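Accompanying notes for the structure given below.
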Amino acid sequence: MDEKDAARSNSISPAVIHRLPRYYRLLGEMKRNGKSRTSSRELAAIMGLTASQIRQDFNCFGGFGQQGYGYNVDILLDGLWKILGLERQMSAILIGVGRLGTLVSSYITDGRFGYKLIGLFDNNPALQGKVVDGLAIQNDTALEEFCREHQPEVAVLCVPKTSAAGLCKQLTQYGIRAFWNFSHYDIALDYPDAIVENVHLSDSLMSLHFLVYRNQEENRDN
């Protein structure tokens, strides 16, 4: 059974799925630093997990380790690359090319993360025609024809929550079912069959604030 078949035969928890990119990034750093071998104990110490959890995660996909040896970094990195499906570039469009959208587009056009950005859209006339990452920004009114012709698989939403609902309705009608969502609009609530990865920058900021605040309060009490 290869890694993909193993993945399909198991019910993989969201927690494991969200750890896979962390493993991939960490192992990539190890390889760049000339490291050829690692262990579940070493990975656990770096990631703040237990060695048992590391082994359980990898066993969801058939396992990669060898008792008494640990993990070959190259083999494990290649296995995760296949599990994540990074050998296939998914076509993506991005709507909302303001400051956030421009920054986000650079991650997609990087090419390392499994995407090929094929279209940029914005309803701001001042931005239309401007070239970002080699693509000219188009008017949102061109979305239907563009999607019909190019059939993008993923839409990246960097638009305000107020305009996201109508936009999602359009995009689902155009055949898009996967979203990288920065809009704070709950796509899954209205489109339960959609595949959505939500990014809430404000949530991350508030979580940091809470941790700093709690640390300060604890130090004050001591």
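This structure gives Cα extents along the principal axes in Å, computed directly, and of [x] 52, 42, 32; [y] 61, 55, 35; [z] 54, 34, 29 that value is listed as [y].
Kirkwood hydrodynamic radius computed over segment 111-222 comes to 16.3 Å, based on all pairs of distinct alpha carbons. Can you give me the % of accessible surface on segment 59-154 that is carbon or sulfur? Probe 1.4 Å, all protein chains present, nothing else counted. Using a 1.4 Å probe with all protein chains present, segment 59-154 comes out at 49 percent carbon and sulfur.
Residues of segment 132-151 with an amide N closer than 20 Å to a point placed 7 Å from the Cα of Asn124 along the Cα-to-Cβ direction: 132-143.
With a 1.4 Å probe and all protein chains kept in place, how do Met47, Met206 rank by accessible area, largest first?
So, going from the largest accessible area down, we get Met206, Met47.
Among Tyr115, Tyr23, Tyr69, which one moves the most in a GNM of the chain with springs linking Cα atoms closer than 10 Å? The residue that fluctuates most here is Tyr69. On full extension, the segment bounded by Leu103 and Lys82 gains 4.9 nm, given 0.36 nm per residue less the C-alpha separation.
Close amide H pairs (under 5 Å, H built 1.01 Å from N) link Gly63 with no residue at least 5 positions away or on another chain.
Would you mind working out the accessible area per residue for the chain, using a 1.4 Å probe, and quoting it in Å²? Show your work: numbers first, answer last.
Details: 13580 Å² over 222 residues.
Solvent-accessible surface per residue comes out at 61 Å².
Only helices enter this figure: runs of n ≥ 4 DSSP H residues, each worth -39500 (n - 2.57), summed and divided by the residues of the chain, yield -15000 deg cm²/dmol at 222 nm to the nearest 500.
Taking every protein chain into account, the 1.4 Å probe leaves Tyr174 with about 60 Å² of accessible area, to the nearest ten. Computed over the chain with a Gaussian network model linking Cα atoms closer than 10 Å, the most mobile of Leu49, Leu120, Leu211 is Leu211.
The values are calculated or read from the model by the stated rules, or taken from the named source; none is laboratory data. Remember, predicted model here, so these are calculated numbers, not experimental data. Here the Cβ is made from the backbone with ideal geometry for all residues, glycine too, and neighbour counts use every protein chain on show. The protein model used for the area step is the full one, side chains on, heavy atoms only, and it has no ligands, DNA or RNA in it. Shrake-Rupley method; radii C 1.70, N 1.55, O 1.52, S 1.80 Å.
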